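Novice: Before we start, here is the structure in question, set down as structure tokens.
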Amino acid sequence: MELDLLEASLVPEHARHVKAEAREFAQEHIAPNAEAYYDSGDYPWEVLEAGMDAGLVAADVPEAYGGRDWDLYQILAAAEEFYRADAGIGLTLQLASFGAEMTAEYGTEAQKAEYLAPVGRNEQITGLAVSEPETGSDLAGMTTSAEKQGDEWVLNGEKYWVGNGVEADWVTLYAKTGDDPDNRYGNYSMFIVPTDAPGYEAEHIPEKMGMRASKQAHIVLDDCRIPETNLLGEEGAGFYMLAEFFNHGRIVVGGQGLGIAAAAVEEAWEFVHGRNAFGKQINEFQAVQHTLADMRLTFEQARSLNWRAAEKVVENEKAGLWASMAKVASTEAAVDCSERGMQLHGGRSIFTDRRIARTYRDARIPVIYEGANEIQRNLIYSQS
């Protein structure tokens, strides 16, 4: 069984050709390399470069700066297909322009020409530096600081879980620029930080259990100096810029979860229809049929919510509420379907060369990043 991710009633017409492109690329370049990159943990430069050649990397950058001006629906469509083939490689492809959307929206023309255009032309890759070693989802609790000195900003602190923190040419970085206790959310700003800036040091985080083809970094900023012109948007507006950015991001992370869930459903279906036990093919047992039915229900429910939420975010109708609901439902669908798929595989599920074992490991990661699901539940309650 292959799930129909081109469902016309969900995917807007203008996003269907993107989905078809992403699926063809995933089948040709991602799926055949997934196991090898999982085993090696190497950064998939060859697949990334193939994605660039295919016009599927940094496609969210505006056309005027070299991209394809993909909207949220198109990014979501590609996410489903990339992650269905492999979450680690899929994450690498989508992180290549991660954070650049804020430069497109808030940057000056000079910033767009110097930093955004090379990303759109696939000459550079970028990353987003927000989380810190001791602070996860509390955006108003970050301690990395930016102090104005003459015509420079001086950055001090640490950032953690930075995708492409080593590989990127520049990162969009969130830092504290104020200390007003009565304006907790107005104390932060966003900066463009070249990775070759003096005082910027990054190293790969020790190997993860999942998404091994994607690399995250620990960044140390020790009197890291950048020009004053590298402030992105208005000083003190960083929290609000990120909040809007994450509404879009959580829809895409939902799509990532859906891709993983689809892989788990398809892999489980194929396995039980090709194996015998107790004189029957496994799929003939009612308990197995019910498990597969529940997996399909979980997947379809989450997918319907995710695509509806995308529309709500695009139309800015209680965007934060819908983005959080989509992120929770779809990433937890990935966990649920992967766990059920593991159970159907029995003892064979624990072998690392099994696709179902990779989906199980990978599924545990999106429930944490882009704001842990516990935080999303807080947001769902407070915005309902």
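Novice: Consider only pairs whose beta carbons are under 6 Å apart and that are at least six residues apart or on different chains; among these, list those whose first residue lies in region 64-85 and is within 15 Å of E105 (Cβ to Cβ) and of a type in the set (D, E, K, R) and whose second residue is in a helix (DSSP H, G or I) and modelled with pLDDT of 95 or more.
Specialist: Going by the 6 Å Cβ cut-off, the qualifying pairs are D69/E63.
Novice: Please verify whether V288 is crowded, with 22+ Cβ neighbours inside 10 Å, of a type in the set (V, I, T), not assigned by TED's automatic domain parsing to the domain that holds G186 and not in a loop (DSSP other than H, G, I, E, B), treating the condition exactly as stated.
Specialist: Judged against the criteria, V288 is not a match.
Novice: Counting only residues that are within 23 Å of the chain's Cα centre (by Cα) and of a type in the set (G, A, S), which one in region 342-364 is nearest to Q256 (Cα to Cα)?
Specialist: A363
Novice: Any residue at all in region 149-161 that is surrounded by 20 or more Cβ atoms within 10 Å (Cβ to Cβ), closer than 18 Å to D223 by Cα and among the β-branched types (V, I, T)?
Specialist: For region 149-161, residues surrounded by 20 or more Cβ atoms within 10 Å (Cβ to Cβ), closer than 18 Å to D223 by Cα and among the β-branched types (V, I, T): absent.
Novice: Could you please let me know if T144 is under 23 Å from S214 (Cβ atoms), at pLDDT 95 or above and out of contact with any Pro (no Cβ under 7 Å at 6 or more places or on another chain)?
Specialist: The answer is yes for T144.
Novice: Let me ask something additional. Take region 340-384 and flag every residue that is closer than 19 Å to S40 by Cα, assigned to a helix (DSSP H, G or I) and either touching a residue at least 40 places away in the same chain (Cβ under 8 Å) or not aliphatic (A, V, I, L, M) (or both).
Specialist: Those that are closer than 19 Å to S40 by Cα, assigned to a helix (DSSP H, G or I) and either touching a residue at least 40 places away in the same chain (Cβ under 8 Å) or not aliphatic (A, V, I, L, M) (or both): R355, I356, R358, T359, Y360, R361, D362.
Novice: Got a number for residues in region 75-103 being part of a helix (DSSP H, G or I), under 20 Å from I260 (Cβ atoms) and out of contact with any Lys or Arg (no Cβ under 6 Å at 6 or more places or on another chain)?
Specialist: Count: 17.
Novice: For region 132-174, how many residues are small (G, A, S), farther than 23 Å from E207 by Cβ and out of contact with any helix residue (DSSP H, G or I) (no Cβ under 6 Å at 6 or more places or on another chain)?
Specialist: Of the residues in region 132-174, 5 are small (G, A, S), farther than 23 Å from E207 by Cβ and out of contact with any helix residue (DSSP H, G or I) (no Cβ under 6 Å at 6 or more places or on another chain).
The values are calculated or read from the model by the stated rules, or taken from the named source; none is laboratory data. For clarity, every value in this text was computed on a predicted model and none was experimentally measured. Neighbour counts run over all protein chains shown; Cβ positions are idealised from the backbone, glycine included.
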